[in-house]
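Worksheet: the structure to be examined is printed underneath.
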Amino acid sequence: MAILFLDDYGFTQRTKSSQNAGEQKKSEKGLKDNKYFFSFIDSSVTNFGTEKEKNLFKKAIQRDILSHILYMKFLFKESFIEIRKIQKILIDLYRLIYKRDFLSTKSLLNNYAPMVILGKECKAIKYLKFGYRDMRSSKRFFIMAENLQENLYSMRLYKYVRVIKKAKHGKRYAFLAMIAAKNAVNKKKEPSKLGFEKLKGLISRLSPPDKKENNRLIHLDNFYRSKDDKSFYNLIWDNPNLHEIDDYERYMDVGE
């Protein structure tokens, strides 16, 4: 009986060890995925974030810090629970930002369309078509993401990344169409081959006075750059106020 007991004990220990390793692996992947999700959306929240979007982002960042702390405390199961909560919050945030980006893309393209069509500049018309194509594609991909199984949080977020990228590409093409329509670049050159700084200068110069600042900001956002030296993500990391999280104190007592 003693031998059987020892064998059973050894099997239990191996099972627990295996489970712990599995939880650690899931947490590692989740932390890595979330790092990308935060990095991708940070500039959009920093540049144009509404109060609702910033509140959601702040909650997600706070829980991201907590998930790292729990991981370092070897509380892998608890860390993964927080990772899932973060991804659920980010899904709500990504959906809001996509809808805002979609409307911004549509507005830019529609504003420049009459000038482009009347000007009959081939390059400008080409860019305008590409912009509308990407706008429609983003909507189609969004519908596909919305119909994924609800609990596939990480997969849904990667789909939303693609959706938002398409919407931002549409805005890039809107500016390129405007630049080509105004013949602001040598006809032998493709405006799409111009670098970030040259495009920024042209967009600023060619935009109406009341649109200059907003168009400059859209251009920054299209290239995932923040208007401020410190992004919103970094500001929250500098002053996270983790006590605002439910059960934070309880988490800190676990494993002590």
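Tabulated data
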read-out	value
Close pairs (7 angstrom Cβ cut-off, 6 or more residues apart or separate chains): assigned to a helix (DSSP H, G or I) in segment 61-85, among the β-branched types (Val, Ile, Thr) and buried (at least 22 other Cβ atoms within 10 Å of the Cβ) anywhere	63/86; 64/86; 67/83; 67/86
Filtered residues of segment 36-87 (kept if farther than 22 Å from residue 249 by Cα and basic (Lys, Arg))	52, 54
Complete set of residues in segment 221-256 that are assigned to a helix (DSSP H, G or I) and of a type outside the set (D, E, K, R)	222, 232, 233, 234, 235, 236, 237, 242, 243, 248, 251, 252
For residue 92: the one exception among (1) surrounded by 17 or more Cβ atoms within 10 Å (Cβ to Cβ); (2) modelled with pLDDT of 95 or more; (3) not polar (S, T, N, Q)	(1)
Only listed residue being modelled with pLDDT of 95 or more, of a type in the set (Phe, Trp, Tyr) and within 15 Å of residue 95 (Cα to Cα), chosen from 127, 158, 173	158
So residue 204, is it polar (S, T, N, Q) and farther than 18 Å from residue 125 by Cα	yes
Residue list for segment 203-220, filter: of a type in the set (D, E, K, R) and part of a loop (DSSP other than H, G, I, E, B)	210, 211
Single condition residue 155 does not satisfy, out of (1) touching a Leu at 6+ places or on another chain (Cβ under 8 Å); (2) buried (at least 17 other Cβ atoms within 10 Å of the Cβ); (3) in a helix (DSSP H, G or I); (4) not hydroxyl-bearing (Ser, Thr, Tyr)	(2)
Cross-chain or 6+ apart pairs with Cβ under 6 Å, segment 230-242 first and within 13 Å of residue 59 (Cβ to Cβ), then surrounded by 11 or more Cβ atoms within 10 Å (Cβ to Cβ) and of a type in the set (Asp, Glu)	233/42
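The values are calculated or read from the model by the stated rules, or taken from the named source; none is laboratory data. The structure presented is a predicted model; accordingly, all values stated were derived computationally and were not measured. A quick note on method: Cβ atoms are made from the backbone with ideal geometry, for glycine too, and the neighbour counts reach across all protein chains shown.
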